[in-house]
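Engineer: One structure, as C-alpha cells, below. Some questions next.
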Amino acid sequence: MIKVERPDAGEKESSRADEVELVVEKGRFGPTAIVTVAAQLHPARFVEMGET
C-alpha cells in the first residue's frame, strides 16, 4: 500500500510547500519506506526533488 501525505496541508506558510511524502506501508516481503518528492499539482504529477 502506498499512502500520499502532504506535510504542508495544514500550514499555509510551510517550509515544505510543494512536497509530498509517498509512504510505502506494506510490502509482501520488502521493507517499508518514505520517499519525498516534489508535487506539481497543476499537471497532477510527482517528480524527483531535483527536478522542477
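Engineer: Considering only the stretch 42-49, I want to know if a residue exists there that is in contact with a Leu (Cβ under 9 Å, 6 or more places away or on another chain) and surrounded by 10 or more Cβ atoms within 10 Å (Cβ to Cβ).
Structural biologist: yes
Engineer: Then there is this: Could you tell me which of the residues Asp18, Asp8 is modelled with pLDDT under 85 and in contact with a Ser or Thr (Cβ under 8 Å, 6 or more places away or on another chain)?
Structural biologist: So the residue among Asp18, Asp8 that is modelled with pLDDT under 85 and in contact with a Ser or Thr (Cβ under 8 Å, 6 or more places away or on another chain) is Asp8.
Engineer: When only residues in the stretch 5-17 that are of a type outside the set (Asp, Glu) and without any contact (Cβ under 8 Å) to a residue 24 or more places away in the chain count, which is most open to solvent (accessible area, probe 1.4 Å)?
Structural biologist: It comes out as Lys12.
Engineer: If you don't mind, another one. For the chain, list the strands (runs of 3 or more DSSP E) that sit wholly inside it and hold at least 2 residues that are within 8 Å of the chain's Cα centre (by Cα) and not hydroxyl-bearing (Ser, Thr, Tyr); which are they?
Structural biologist: 2-5, 19-24, 33-40
Engineer: How many residues does the stretch 32-44 hold that are out of contact with any strand residue (DSSP E or B) (no Cβ under 8 Å at 6 or more places or on another chain) and not small (Gly, Ala, Ser)?
Structural biologist: 3
Engineer: If you don't mind, there's one more thing I want to ask. So which residues in the stretch 18-41 are touching a residue at least 24 places away in the same chain (Cβ under 8 Å), under 11 Å from Met1 (Cα atoms) and either β-branched (Val, Ile, Thr) or open to solvent by 50 Å² or more (accessible area, probe 1.4 Å) (or both), if there are any at all?
Structural biologist: Glu25, Lys26
The values are calculated or read from the model by the stated rules, or taken from the named source; none is laboratory data. Only a predicted model underlies this, so the values are computations on that prediction, with no experimental measurement involved. Note that each Cβ is placed from the backbone with ideal geometry, even for glycine, and that neighbours are counted across all protein chains shown. Side chains included, ligands, DNA and RNA excluded: accessible areas come from the protein's heavy atoms. Shrake-Rupley method; radii C 1.70, N 1.55, O 1.52, S 1.80 Å.
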